[in-house]
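The values are calculated or read from the model by the stated rules, or taken from the named source; none is laboratory data. Just so you know, these numbers come straight off a predicted model, no measurement behind them. Positions of Cβ are backbone-derived with ideal geometry, glycine not excepted, and every protein chain shown enters the neighbour counts.
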Amino acid sequence: MKIFDSHCHLNLDSYRKDLPEAIERARQAGVKGMMVVGITVDESRAAVEIASRFSGCYASVGVHPHDTASCSEESLTALKELAKFRVVKAWGEIGLDFNRMYSPKNTQEKWFIRQLEMADALDLPLIFHERDSGGRFLELLTAHYGGNQRLGVVHCFSGSIDEMEAYLNMGLYIGITGILTIQSRGSQLRALVKQVPLNRMVIETDAPFLTPNPEKNRIRRNEPAFVKSVLFKLAEVLDHDPQHLAKTLWDNTCRLYRITDTLNNKQA
Ligand SMILES: [Zn+2]
Ligand SMILES: [Zn+2]
């Protein structure tokens, strides 16, 4: 089985002590593809380093809505430089998060739009983060996103069915996390995934966050190996063969990030 974790943060401090081991555990679990997602300039740089070192790992660069308070034009210039590495396959994660409000709304919006423009100029697929923006994310997307010819994913989807349909109409992919495996918190998501066309969904861990069941019971920190639990829960919910579903999701992820397997000729 070949599984793609379409969104993880192996570039965070949580893996400082055991990064090679975490990647090896992922490979043993059949997780042969991992997208390491940037959230600040430093962590985007770390993502590029990891992707350059470990085969099967790819990187994205971007400033997360939480971190936009410290974003500047200089940050964007640095990210643009990083984006030249061929392991960089996407721009993100960018978007709006009005749940935690770590950065003011207008600051989040300003850098969301600026980064949309950057990704557009570089022709990179987009990784979106949206939480509790009350429709504002969709408004800005409608006004500033290139539409059908562009590629993008709304990661850790947590919106309504109407929002989901709007994203699908824009040609976006829907990212499904381990929330799917959680008894009460995942019930709405389990109902919604049935409405997502099979060729538009991808799975992710968002590790080190959102540890799925059953791993949640014994381990606090999430890691890419555990995306297998998201796959099996999704297969159960959709009543599909896990093997076949893994292949479909792998192909979707490669299409989304424009990854061709032949690119993979690194050492580790
Ligand atoms: Zn996110
Ligand atoms: Zn993330």
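Output yes when any residue across the range 34-49 is within 28 Å of Leu245 (Cβ to Cβ), of a type in the set (Val, Ile, Thr), surrounded by 17 or more Cβ atoms within 10 Å (Cβ to Cβ) and within 16 Å of ligand 1 (Cβ to nearest atom), and no when none is.
Yes, that holds for at least one residue.
For the range 1-51, which positions are in a helix (DSSP H, G or I), free of Cβ contacts under 8 Å to residues at least 40 places away in the same chain and of a type in the set (Ser, Thr, Tyr)?
Ser44
Looking at the range 187-203, is at least one residue of a type in the set (Gly, Ala, Ser) and either within 30 Å of Val88 (Cα to Cα) or touching a Lys or Arg at 6+ places or on another chain (Cβ under 8 Å) (or both)? Talk me through it step by step, then tell me what you get.
First, pick out the residues of the range 187-203 that are of a type in the set (Gly, Ala, Ser): 187, 191.
This time we only want the ones that are either within 30 Å of Val88 (Cα to Cα) or touching a Lys or Arg at 6+ places or on another chain (Cβ under 8 Å) (or both), so: none.
Looking through the range 187-203, none of the residues is of a type in the set (Gly, Ala, Ser) and either within 30 Å of Val88 (Cα to Cα) or touching a Lys or Arg at 6+ places or on another chain (Cβ under 8 Å) (or both).
Can you list the helices (runs of 4 or more DSSP H) found entirely within the range 67-158 that contain at least 1 residues being within 16 Å of ligand 1 (Cβ to nearest atom)? Explain how you work it out, then say what you get.
Numbers: elements: 73-82, 105-122, 136-144.
Helices (runs of 4 or more DSSP H) meeting the threshold: 105-122, 136-144.
Say whether the condition of being over 25 Å from Ile127 (Cα atoms), among the polar types (S, T, N, Q), surrounded by fewer than 16 Cβ atoms within 10 Å (Cβ to Cβ) and at pLDDT 95 or above is met by at least one residue in the range 217-239.
No: the range 217-239 contains no residue that is over 25 Å from Ile127 (Cα atoms), among the polar types (S, T, N, Q), surrounded by fewer than 16 Cβ atoms within 10 Å (Cβ to Cβ) and at pLDDT 95 or above.
Identify, from the list Phe54, Phe85, Phe4, the residue that is at pLDDT 95 or above, under 27 Å from Leu138 (Cβ atoms) and not hydroxyl-bearing (Ser, Thr, Tyr). Give the steps one after another, and end with the answer.
Working: Phe54 fails: under 27 Å from Leu138 (Cβ atoms); Phe85 fails: under 27 Å from Leu138 (Cβ atoms).
Phe4 is the lone residue from the list that is at pLDDT 95 or above, under 27 Å from Leu138 (Cβ atoms) and not hydroxyl-bearing (Ser, Thr, Tyr).
Given the conditions (1) farther than 30 Å from Ser14 by Cβ; (2) touching a Leu at 6+ places or on another chain (Cβ under 9 Å); (3) in contact (Cβ under 8 Å) with a residue 24 or more places away in the chain, which single one is not true for Leu168?
Going through (1) farther than 30 Å from Ser14 by Cβ; (2) touching a Leu at 6+ places or on another chain (Cβ under 9 Å); (3) in contact (Cβ under 8 Å) with a residue 24 or more places away in the chain one by one, Leu168 breaks only (2).
Select, from Leu122, Leu96, Leu138, Leu116, the only residue that is at negative phi, away from ligand 2 (no atom under 16 Å from the Cβ) and surrounded by 22 or more Cβ atoms within 10 Å (Cβ to Cβ).
On the way: Leu122 fails: surrounded by 22 or more Cβ atoms within 10 Å (Cβ to Cβ); Leu96 fails: away from ligand 2 (no atom under 16 Å from the Cβ); Leu138 fails: surrounded by 22 or more Cβ atoms within 10 Å (Cβ to Cβ).
Matching residue, one of Leu122, Leu96, Leu138, Leu116: Leu116.
Any idea which residue in the range 50-107 is nearest to the chain's Cα centre (by Cα), counting only those that are closer than 20 Å to Thr260 by Cα and among the polar types (S, T, N, Q)?
Out of the qualifying residues, it is Ser60.
What are the residues in the range 143-192 that are in contact with a Pro (Cβ under 6 Å, 6 or more places away or on another chain) and away from ligand 2 (no atom under 16 Å from the Cβ), if any?
Result: Leu151, Thr181.
Among the helices (runs of 4 or more DSSP H) lying completely within the range 172-268, list those that include at least 2 residues that are of a type in the set (Ser, Thr, Tyr). Don't jump to the end; show me each part of the working.
On the way: elements: 187-192, 227-238, 242-257.
Hits in the range 172-268: 242-257.
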